[in-house]
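S.K.: One structure, pasted below without further comment.
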Amino acid sequence: MAGQSRKVKTRIVATKKTAQITKAMNMVSASKLKSAEKAIKDYRPFIAKTHEIVANLASRDKGFSHPLMDKRPIKNICFVAISSDKGLAGAFNSNVCKELTKSINELEDGIGYTVLPIGQKAYAYTKKHKYQLLEDKIINVKDDVEFIIIAEVIRTIVRNYLLEKFDKVVVIYNHYVNTLVQNVATSVLLPVETNKDLDKTMSTYEFDGEVKTILDTALPIYIENTIYSYILDSKASEHASRMNSMKSATDNATEVINNLELLYNRARQIAITLELTDIIGGASVVNEN
């Protein structure tokens, strides 16, 4: 019985240490989430305004065309899957990977694909399933997302798109709604889609120069900032998902500790009862003698 009590005590100590770690990770993720929330909140209006300007430019000429905006027959699709570098974030990474697999499996016959994984988890998943990669290298996603890295990724995507190695670019990522809700989302990055019927904003902007000349500069910037916003969105989702996962882990550990302490106390009570029984029994024998 004493041996059982020691085993239970050891499990209690180990579980308490685990609970301390998960609680600390929960607090760290909560702190990082505040910064990530502010970043995506501040960036969304900029993206919306940039999209409005690009759409306004395109709407100036109904017959206007641009290589980054023109739709062409789909022969190949590039999927950009945004994950994280670290795990312990619930279904955050698995949701993106499942959506990637689903999208590939649903391709019509004759349509090829390539994958550009962003984040170590997406890279490991694509290597495991032997998917066709645009570039066989890891693109890390740090907590402080570096725009210069994203710019390099975009240049690679745009260059291959203009070379017609693929005809459509689809981004798969986690969209941050709030601390409890993060939904996997898909968005078409290329060709750039705009609403050309913008009568309400037609008189808002005045442009000096040809539309194509302006868009040659504006479109790459718009694409860079769009995918950067997706990564910021994904980062907020990652921290929220990890915060919730660590809270659940801490709550579960606390419940296990309570159950183990109850079991430990019962074992002690039984041991004490047995000792008292032995003492009383021994005393009775002495008295009889």
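S.K.: Within the group I77, I82, which residue is in contact with a strand residue (DSSP E or B) (Cβ under 7 Å, 6 or more places away or on another chain), crowded, with 16+ Cβ neighbours inside 10 Å and closer than 21 Å to N244 by Cβ? Steps first, answer last, please.
M.R.: Numbers: I77 fails: closer than 21 Å to N244 by Cβ.
Checking each option against the conditions leaves just I82.
S.K.: I've got another one for you. Looking at the range 26-60 only, could you name the residues that are of a type in the set (D, E, K, R), over 24 Å from K247 (Cα atoms) and part of a helix (DSSP H, G or I)?
M.R.: K41, D42, R44, K49, E52
S.K.: For the range 55-91, enumerate the residues that are at pLDDT below 85 and of a type outside the set (S, T, N, Q).
M.R.: A55, L57, A58, R60, D61, K62, G63, F64, H66
S.K.: Tell me the residue from L134, L180, L107 that is on the phi < 0 side of the Ramachandran plot, surrounded by 17 or more Cβ atoms within 10 Å (Cβ to Cβ) and touching a residue at least 12 places away in the same chain (Cβ under 8 Å), please. It would help to see each step written out before you state the result.
M.R.: Working: L180 fails: surrounded by 17 or more Cβ atoms within 10 Å (Cβ to Cβ); L107 fails: surrounded by 17 or more Cβ atoms within 10 Å (Cβ to Cβ).
Testing whether each residue is on the phi < 0 side of the Ramachandran plot, surrounded by 17 or more Cβ atoms within 10 Å (Cβ to Cβ) and touching a residue at least 12 places away in the same chain (Cβ under 8 Å) leaves just L134.
The values are calculated or read from the model by the stated rules, or taken from the named source; none is laboratory data. Because the structure is a prediction, the values reported are computed rather than measured. Ideal geometry is used to build each Cβ from the backbone, glycine not excepted, and the neighbour counts take in all protein chains shown.
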